[in-house]
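Presented below is the structure to which this report refers.
The values are calculated or read from the model by the stated rules, or taken from the named source; none is laboratory data. Being a predicted model, the structure only gives us computed values, none of them experimental. Cβ atoms come from the backbone with ideal geometry, glycine included; neighbour counts cover every protein chain shown. Please note that ligands, DNA and RNA were not included when accessible areas were found on the heavy atoms of the full protein model with its side chains. Shrake-Rupley method; radii C 1.70, N 1.55, O 1.52, S 1.80 Å.
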Amino acid sequence: MKLILLIALASIIALADCFAADQSICNPGTEISYFPNGAVRSCLLRDFYPIDGITCNHLERITFHGNGKLQSCVSSDEILVGNVPCARYGWISFYPSGRLERCTLRVVTEIEGKQCNEQEEVSFLENGKLLSCSSPPGTMPF
């Protein structure tokens, strides 16, 4: 039984390492930073790179968390994360858990009863609560 559990655990660890990015995604001749395990921490992308439901824009910086999940990049597409409409070509970032940390809003959006301005950054706590956003002109700040 212990041997089966050890084999299963080793398989899970090996599978997790398979999802870590390697330098083949990076633009040659540019600076690449690595985690101690050899996985890419940050680089300029060679091509568009799909990860965790986001397509990151080519020739832009991408960063990863130590668990292999996307930390931040410039999104090549408009994307809806939960009910938050994030802009095309805007920075988007996530917590290690995969929850949205911040993005550039595509349109004026009401979040928790507050109006948040388009083409401005909106930030969230890891529990999903609004941390900050800019109000559109003519609206009451919160």
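Are any of the residues in segment 107-117 at positive phi, of a type in the set (S, T, N, Q) and touching a strand residue (DSSP E or B) at 6+ places or on another chain (Cβ under 8 Å)?
No, because not a single residue in segment 107-117 is at positive phi, of a type in the set (S, T, N, Q) and touching a strand residue (DSSP E or B) at 6+ places or on another chain (Cβ under 8 Å).
So that you can scan it fast, the table gives a plain yes or no per residue for (1) without any contact (Cβ under 8 Å) to a residue 60 or more places away in the chain; (2) in a strand (DSSP E or B); (3) touching a Leu at 6+ places or on another chain (Cβ under 9 Å):
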{"position": "C43", "(1), (2), (3)": "yes, yes, no"}
{"position": "P50", "(1), (2), (3)": "yes, yes, no"}
{"position": "T55", "(1), (2), (3)": "yes, yes, no"}
{"position": "H58", "(1), (2), (3)": "yes, no, yes"}
{"position": "I62", "(1), (2), (3)": "yes, yes, yes"}
{"position": "G66", "(1), (2), (3)": "yes, no, no"}
{"position": "Q71", "(1), (2), (3)": "yes, yes, no"}
Residue list for segment 74-91, filter: open to solvent by less than 30 Å² (accessible area, probe 1.4 Å) and touching an Asp or Glu at 6+ places or on another chain (Cβ under 6 Å) | V74
Condition broken by F94, with the remaining ones in (1) modelled with pLDDT under 95; (2) among the aromatic types (F, W, Y); (3) surrounded by 14 or more Cβ atoms within 10 Å (Cβ to Cβ) satisfied | (1)
